[in-house]
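The values are calculated or read from the model by the stated rules, or taken from the named source; none is laboratory data. Every value quoted in this text rests on a predicted model; they were computed, and no experiment measured them. Here Cβ is always computed from backbone atoms with ideal geometry, including for glycine, and neighbour counts include all displayed protein chains. Accessible surface is based on the protein model in full, side chains and every heavy atom, while ligands, DNA and RNA are left aside. Shrake-Rupley method; radii C 1.70, N 1.55, O 1.52, S 1.80 Å.
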Amino acid sequence: MQSKWSLVTTVKAPDDLIERFIQHYLDMGASKMYIFLDSPNEQLIHKKINDERISFFFCDPEFWEKRQHFHSLRYKKGERSDFVEYRQYHNLLHASSICETEWLLNVDIDELLFSMIDINEELSRIPDNIFTVLVRPLEAVYLKEEPASLINTFDTKYFKSRRKVDYDFWNDIYPDKGLKHKSGFFGHVTGKSFIRTSDEIFRPSCHLPLPMNEFFSHGFIIHSMYILHFEAMTRDLFVQKMVNRAGKVYNTPFLDEASKIRTKYLTDRYAEIGEESLHNAYLDMHVFDDEKMSKCLETGFVVKIDEKEHKSKRIINAHGDVMAYSVIDGIVKAVDESAIDDVYIIPIMLHEKYDNSECYIYFLENGNSHFICSDRDGTPRKSKGRHAQIFRLIKDKNGIISIRFEFKNDDKKEPQFLTANRSGSVSFSRPTIKDWEKFKVV
């Protein structure tokens with residue numbers, strides 16, 4: 001297991017919150033943390049923590065005047081951008097340029113990583129031609145009572161999930177149309193990325209940085225981890241944030257459309273009614289009674305986070321057979337569930353891209369990942385190296401998938417879909433999709 005990871009964050013928050021954040025990520029196994037203090041004159045956390053794994057950067061006027069300016073930034077050298085996202089981009093690029101670990105995670109102070117398996121072990125399984133892997137978010141809610149204090153914000157075990165997108169359901173939970181949501185979410189829905197530091201970032205992003213080298217694919221989802229997003233924090237902080245936005249203290253031009261609509265609605269209510277409207281909005285948005293929480297848990301729109309072991313999902317064909325790698329035959333076969341022994345017949349798994357446009361296929365043997373590639377005849381085999389072949393993925397609204405190989409190195413062959421027939425043979429051999437070219441992941 002070779003992969004090691006570090007973390008970068010840009011923060012303006014109370015010291016006790018930063019200290020809680022640092023301890024969490026040290027407990028998670030971060031090798032290094034690059035913490036950029038966005039308002040260093042008000043932050044004394046660097047005087048309280050003496051740990052060689054923590055590097056503090058003081059983002060004062062001298063910092064911005066003398067700091068290296070990266071070519072992909074869209075503001076002038078030597079100036080502090082008014083856009084918080086641009087400051088985050090700079091700090092991400094700076095951390096990536098000095099990072100000594102293979103992977104770098106970019107998160108905010110209100111985001112805690114939750115993993116069901118060892119993080120280094122999971123990252124060591126990623127193919128060498130993947131630039132970023134994406135950790136999806138879950139958004140915190142509270143049962144019956146709001147957090148008693150800032151630190152208590154993190155005590156909840158309940159989190160909204162967007163594994164299922166259903167606006168009608170969430171409109172019943174949030175009947176106030178002014179509280180514009182994204183299928184229940186008020187914060188970001190994309191997630192945060194582990195970034196491979198061996199290559200340069202072409203376009204920085206808080207969520208999905210793009211690689212300079214077009215050889216890399218990017219944005220493949222890790223299913224064993226989540227970003228726990230405590231988007232609202234306490235009621236007092238929520239109210240203060242809305243008041244600041246009403247007074248344009250914070251410049252956040254990259255807010256999504258739903259957040260802009262909701263922010264305008266809340267700041268207009270604040271101007272008309274006062275702070276009481278913001279206090280009520282916080283409770284409506286983030287605190288559920290027993291009935292509402294039960295309804296969300298039963299339907300899977302809220303999950304209760306615990307330490308359950310991560311279970312890898314299997315690819316099942318239209319006949320109900322499991323797609324598996326045969327160690328003896330050196331190819332992928334479709335077999336009955338009873339034939340799986342995890343030694344000679346090993347189930348294969350799929351990692352999809354965030355937009356469901358691409359995927360790669362792999363299996364685990366003795367804890368190590370091996371990637372499935374297609375030969376020129378369309379037979380899925382084990383790749384010799386650490387690079388994964390990237391396949392086209394088609395997914396319908398019910399989660400049924402089809403996988404297509406483009407045969408880019410054979411200009412005489414048209415793209416072919418993966419199929420598995422009754423005999424158990426598996427190949428990329430069909431130019432069109434029928435029932436036998438469709439799979440489900442369970």
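Only one of Tyr167, Tyr86 is open to solvent by 30 Å² or more (accessible area, probe 1.4 Å), aromatic (Phe, Trp, Tyr) and modelled with pLDDT of 95 or more. Can you tell me which? So that I can check it myself, show each step before the final result.
Working: Tyr86 fails: modelled with pLDDT of 95 or more.
Selected residue: Tyr167, the only one of Tyr167, Tyr86 that is open to solvent by 30 Å² or more (accessible area, probe 1.4 Å), aromatic (Phe, Trp, Tyr) and modelled with pLDDT of 95 or more.
Quick one: Lys413 ticks every box in (1) touching a strand residue (DSSP E or B) at 6+ places or on another chain (Cβ under 9 Å); (2) surrounded by 13 or more Cβ atoms within 10 Å (Cβ to Cβ) bar one, so which box is it?
(1) is the only condition that Lys413 fails.
Determine whether Asp51 is open to solvent by 30 Å² or more (accessible area, probe 1.4 Å), at pLDDT below 95, within 17 Å of Ile22 (Cβ to Cβ) and not in a helix (DSSP H, G or I). Working first, answer last.
Values: open to solvent by 30 Å² or more (accessible area, probe 1.4 Å): yes; at pLDDT below 95: yes; within 17 Å of Ile22 (Cβ to Cβ): yes; not in a helix (DSSP H, G or I): yes.
Spelling it out, Asp51 is indeed open to solvent by 30 Å² or more (accessible area, probe 1.4 Å), at pLDDT below 95, within 17 Å of Ile22 (Cβ to Cβ) and not in a helix (DSSP H, G or I).
List pairs: first in the range 28-39 and in contact (Cβ under 8 Å) with a residue 40 or more places away in the chain, second open to solvent by less than 10 Å² (accessible area, probe 1.4 Å) and part of a loop (DSSP other than H, G, I, E, B), Cβ under 9 Å, 6+ apart or cross-chain?
Phe36/Cys59; Asp38/Cys59
Going through the range 220-242 one residue at a time, which ones are at pLDDT below 90 and among the basic types (Lys, Arg)?
Within the range 220-242, Lys241 is the sole residue that qualifies.
Only helices (runs of 4 or more DSSP H) wholly contained in the range 61-138 count here; list those with 1 or more residues that are within 30 Å of Leu364 (Cα to Cα).
Details: elements: 61-66, 84-98, 119-124.
Output list reads 84-98, 119-124.
So is Ser427 farther than 30 Å from Lys164 by Cβ and either without any contact (Cβ under 8 Å) to a residue 60 or more places away in the chain or open to solvent by less than 40 Å² (accessible area, probe 1.4 Å) (or both) or not?
yes
Just to verify a result, which residue in the range 314-352, among those that are part of a strand (DSSP E or B) and of a type in the set (S, T, N, Q), is surrounded by the fewest Cβ atoms within 10 Å (Cβ to Cβ)? It would help to see each step written out before you state the result.
Keep residues of the range 314-352 that are part of a strand (DSSP E or B), which gives 315-317, 322-326, 331-335, 345-347, 349-352.
Filter once more, keeping what is of a type in the set (S, T, N, Q): 317, 326.
Values: Asn317: 22, Ser326: 17.
Filtering the range 314-352 for residues that are part of a strand (DSSP E or B) and of a type in the set (S, T, N, Q), the one surrounded by the fewest Cβ atoms within 10 Å (Cβ to Cβ) comes out as Ser326.
With Arg245, Arg262 as the choices, which residue is modelled with pLDDT under 90 and part of a helix (DSSP H, G or I)? Give the steps one after another, and end with the answer.
On the way: Arg262 fails: modelled with pLDDT under 90.
One residue alone meets the criteria, Arg245.
When the residues of the range 366-380 are narrowed to those that are assigned to a strand (DSSP E or B) and modelled with pLDDT of 95 or more, which ends up farthest from Asp410 (Cα to Cα)? Before you say what the answer is, go through the steps one by one.
Initially, the range 366-380 is screened for residues assigned to a strand (DSSP E or B), giving 368-374, 380.
From what is left, the residues that are modelled with pLDDT of 95 or more are 369-374, 380.
Values: Ser369: 27, His370: 24, Phe371: 21, Ile372: 18, Cys373: 15, Ser374: 12, Pro380: 16 Å.
Checked the range 366-380; the qualifying residue farthest from Asp410 (Cα to Cα) is Ser369.
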